[in-house]
Amino acid sequence: MVKLADFNKEYNELKSEIDREILKVLESGSYIMGEQVVQLETNLSNYLDARAFTVASGTDALLIALRAAGIDSGDEVITTPFTFVATASTITLVGAKPVFVDIDESTFNINPKLIEEKITEKTKAILPVHLFGHSADMDEIVKIAKKYNLLIIEDNAQAFGSLYKGKKTGSIGDISALSFFPTKNLGAYGDAGAVFAKDETICERINMLRSHGSRKKYLHEIIGYNSRCDTIQAAILNVKLKYFEDFIERKRKLAAIYLKELKGIVSLPIEKEDCRHTYHQFTIRVEKRDELIKHLSTNDIQSAVHYPLPLHLQKAFGYLGYKEGSFPVAEKVSKEVLSLPIFHTLNPEDIYKVCQVIKNR
């Protein structure tokens, strides 16, 4: 079986180090906000060149980022309809309105050329997603944000380690949100996330929001959340972060096999000039997708659809009043996308097998 993800293989690679660090936490008795959390935040801050605040999940990271940015009831936030639901649901949860903009067909990311026409006096921020590990077109987004005095909140959940013109995604906007869900580029062995920012006032709000709105225990300045990264997860992430660049390069080498073997056979993901794709997903586009899924499954190969229905057509966002045809590019690609197995411990032989099965369909 060629799996979409195999956590055991990665764990076995790092087993001795991870077991040792977990045992240290258990013996310390400090399970919430222990020294490993402090160390992880330092390591993440150094990696991204922005202050890092760990939280309980990537969804919490988005929610806290929006709150820290001052997004509130009646505000509008521009984002993409082709993404995981949390990107838009968190906008709704803070009382704001997600305003969708169609995507660039080549990268699956928000199309900056369509943003300005959606800006109103209620618009407070742009929330680009670096989908599947490839950066959005940040130069154009930054230009628009400056022109209209808007904040940029990056959804970097799928692209930690990706580069845009020499800059790491997640360090370009005002705030960014990161997920450590096990399948992500840097994954925990449970839920965890992080929020990044540089502005001191925003950083103070993030720090309070993740801990019941408090700077000092039992004194609460704002309404906040109980959203902290467990010390055990931090210990695991500290180990994995040491090898993170190697993980990325190994995955990029696997992606290169797909790109070579499947050229001209299916529509392949692109890597724009001056960008580094981290291939959180290796997502192709193909006609008769369901037939290919069945063919792969018959040959013991897992695959997945990210994402089968754009957010504007989801029942949860029906109140926004969008309909079929509102965002034709997102709707088109949602019928064609298929993610193939790719993770850094996957054997190259398995990639070749996937390619051969696709060629023989």
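The values are calculated or read from the model by the stated rules, or taken from the named source; none is laboratory data. None of the values given here were measured: they were computed from a predicted structure. Don't worry about glycine lacking a Cβ; one is built from the backbone with ideal geometry, like all the others, and counts go over all protein chains shown.
Candidates PHE7, PHE82: the one that is aromatic (Phe, Trp, Tyr) and either at pLDDT below 95 or under 16 Å from the mean Cα position of the chain (by Cα) (or both) is PHE82.
Here's the yes/no breakdown for (1) over 24 Å from the mean Cα position of the chain (by Cα); (2) among the small types (Gly, Ala, Ser); (3) surrounded by fewer than 13 Cβ atoms within 10 Å (Cβ to Cβ):
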site: HIS220; (1), (2), (3): yes, no, no
site: LEU241; (1), (2), (3): no, no, no
site: LYS260; (1), (2), (3): yes, no, yes
site: GLU273; (1), (2), (3): no, no, yes
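Residues that are surrounded by fewer than 20 Cβ atoms within 10 Å (Cβ to Cβ), within 26 Å of the chain's Cα centre (by Cα) and not polar (S, T, N, Q) within the stretch 293-306 comprise ILE293, ALA304, VAL305, HIS306, listed in sequence order. Taking each residue of the stretch 284-302 that is of a type in the set (Lys, Arg) and looking for partners that are surrounded by fewer than 16 Cβ atoms within 10 Å (Cβ to Cβ) and part of a strand (DSSP E or B) with beta-carbon atoms closer than 7 Å, six or more apart or interchain, yields nothing.
Okay, residues lined up against (1) in contact with a Cys (Cβ under 6 Å, 6 or more places away or on another chain); (2) farther than 25 Å from ALA188 by Cβ; (3) surrounded by 15 or more Cβ atoms within 10 Å (Cβ to Cβ); (4) assigned by TED's automatic domain parsing to the domain that holds GLY318:
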site: VAL25; (1), (2), (3), (4): no, no, yes, no
site: GLU35; (1), (2), (3), (4): no, no, no, no
site: ASP72; (1), (2), (3), (4): no, yes, no, no
site: ILE119; (1), (2), (3), (4): no, yes, yes, no
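For the residues ILE175, ILE126, ILE152, ILE141, the requirement of being modelled with pLDDT of 95 or more, crowded, with 19+ Cβ neighbours inside 10 Å and touching a Pro at 6+ places or on another chain (Cβ under 6 Å) singles out ILE141. Within the stretch 1-23, if we keep just the residues that are acidic (Asp, Glu) and within 15 Å of ILE232 (Cβ to Cβ), the residue that is surrounded by the fewest Cβ atoms within 10 Å (Cβ to Cβ) turns out to be ASP19. Out of THR59, THR83, THR42, one residue alone is closer than 30 Å to PRO328 by Cα and part of a helix (DSSP H, G or I). It is THR59. Please go through the stretch 106-117 and pick out each residue that is in a loop (DSSP other than H, G, I, E, B) and buried (at least 16 other Cβ atoms within 10 Å of the Cβ). Hits for the stretch 106-117 are THR107, PHE108, ASN109, ASN111, ILE115. Restricted to the stretch 271-361, the set of helices (runs of 4 or more DSSP H) holding at least 3 residues that are over 22 Å from VAL101 (Cα atoms) and out of contact with any Asp or Glu (no Cβ under 6 Å at 6 or more places or on another chain) comprises 289-298, 348-359.
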